[in-house]
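Engineer: Below are the structure tokens for one structure; questions will follow.
The values are calculated or read from the model by the stated rules, or taken from the named source; none is laboratory data. Since the model is a prediction, treat every value here as computed from it, not as a measurement. No Cβ is skipped: glycine too gets one built from the backbone with ideal geometry, and neighbour counts run over all protein chains shown. Just so you know, the surface numbers come from the protein's heavy atoms only, side chains and all, with ligands and any DNA or RNA stripped out. Shrake-Rupley method; radii C 1.70, N 1.55, O 1.52, S 1.80 Å.
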Amino acid sequence: MNDRVIAIDGPAGSGKSTVARRVADALGWSYLDTGAMYRAVTVRVLALGLAPDDLESVARVAASCVLDVDDRVIIDGRDVSERLRDDDVNLAVSAVAANPGVRTAMVERQRAFARYQTRGTVVEGRDITTVVFPRAGLKVYLTASDEERARRRGDEDPTSVARRDAADRSRAASPLRQDVDARVVDTTDRTVEDVVEEIVTWAKTLS
Ligand code: DC
């Protein structure tokens, strides 16, 4: 199964979502945006009026929710696709993603998702190369300069992005880090097409 997984990690604004989606399209594989999973749980937690740092209650929501992440993101029967990037979600998602109970529940779902795909899966996030699929057929770490990453985040306040990145890198549970086996791709001065083509070329060597 691991040869049928391309794992992509990197900080916010490194180009992960765009690149991963296009690589999946080029190969005819499925695409999984794991950040959307943590964001959906956060939307649900806020809707339930729970404190994002209430470890036990939030972990219970993550373990018991019915979550479908595809073109639309549906959690417990509600389409939350339009809520995922709202300010309150940007603010609360770091605490939810740092919760070890939440991570255990999400990692299990991410592995199950890949197991059920008949072709292959391109998965992107922060701990995909290091924790979720450490034996993935291809591991990629995307980076870009701070200025370029801030530019790509568009509307979101740069200090909000920086705060989330710092939290993702410094948390105890599965922090963002560059895996030793990952191929590092700096996307700062490159087009999406160019980066996608390089990754697809590597993917073609997978058995
Ligand atoms: O990729 P994104 O910006 O949508 O991610 C949202 C948050 O979820 C961000 O704080 C990092 C976190 N996340 C994570 O901890 N692990 C993942 N595999 C994916 C995202």
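Engineer: Which of the residues belonging to the stretch 159-182 are closer than 18 Å to residue 147 by Cα and open to solvent by less than 90 Å² (accessible area, probe 1.4 Å)?
Structural biologist: Those that are closer than 18 Å to residue 147 by Cα and open to solvent by less than 90 Å² (accessible area, probe 1.4 Å): 160, 161, 162, 164, 165, 166.
A quick yes/no check of all residues on (1) within 16 Å of the ligand (Cβ to nearest atom); (2) of a type outside the set (Val, Ile, Thr):
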residue	(1), (2)
3	no, yes
19	yes, no
28	no, yes
38	yes, yes
54	no, yes
59	yes, yes
64	no, yes
72	yes, yes
77	no, yes
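Engineer: Sticking with this one: Would you be able to say whether some residue in the stretch 137-147 is open to solvent by less than 60 Å² (accessible area, probe 1.4 Å), within 13 Å of the ligand (Cβ to nearest atom) and in contact with a Leu (Cβ under 8 Å, 6 or more places away or on another chain)?
Structural biologist: Checked the stretch 137-147: no residue is open to solvent by less than 60 Å² (accessible area, probe 1.4 Å), within 13 Å of the ligand (Cβ to nearest atom) and in contact with a Leu (Cβ under 8 Å, 6 or more places away or on another chain).
Engineer: So which of 34, 18 is under 18 Å from residue 128 (Cβ atoms) and surrounded by fewer than 20 Cβ atoms within 10 Å (Cβ to Cβ)?
Structural biologist: When all the criteria are applied, what remains is 18.
Engineer: Run residue 10 past the list (1) over 19 Å from the mean Cα position of the chain (by Cα); (2) open to solvent by less than 10 Å² (accessible area, probe 1.4 Å) and report the number of the one that doesn't hold.
Structural biologist: (1)
Engineer: Under 26 Å from residue 19 (Cβ atoms), out of contact with any strand residue (DSSP E or B) (no Cβ under 9 Å at 6 or more places or on another chain) and either within 15 Å of the ligand (Cβ to nearest atom) or among the aliphatic types (A, V, I, L, M) (or both): does that describe residue 108?
Structural biologist: yes
Engineer: Would it be correct to say that residue 119 is open to solvent by 60 Å² or more (accessible area, probe 1.4 Å), outside any helix (DSSP H, G or I) and more than 14 Å from the ligand (Cβ to nearest atom)?
Structural biologist: Yes: the conditions hold for residue 119.
Engineer: Quick check on this structure: which one of 166, 182, 114, 162 is in contact with a helix residue (DSSP H, G or I) (Cβ under 7 Å, 6 or more places away or on another chain) and either modelled with pLDDT of 95 or more or over 18 Å from residue 30 (Cβ atoms) (or both)?
Structural biologist: From the options 166, 182, 114, 162, the qualifying one is 182.
Engineer: Here is a further query. For the stretch 40-80, give me the residue count where each residue is of a type in the set (A, V, I, L, M), open to solvent by 70 Å² or more (accessible area, probe 1.4 Å) and in a loop (DSSP other than H, G, I, E, B).
Structural biologist: Total satisfying the criteria: 2.
Engineer: Something else about it: From the list 103, 152, 126, which residue is open to solvent by 50 Å² or more (accessible area, probe 1.4 Å) and touching a residue at least 12 places away in the same chain (Cβ under 8 Å)?
Structural biologist: After ruling out the rest, the residue left standing is 152.
Engineer: Then there's this: Tell me which residues, restricted to the stretch 154-174, are under 14 Å from residue 12 (Cβ atoms) and assigned to a loop (DSSP other than H, G, I, E, B).
Structural biologist: Selection gives 154, 155, 156, 157.
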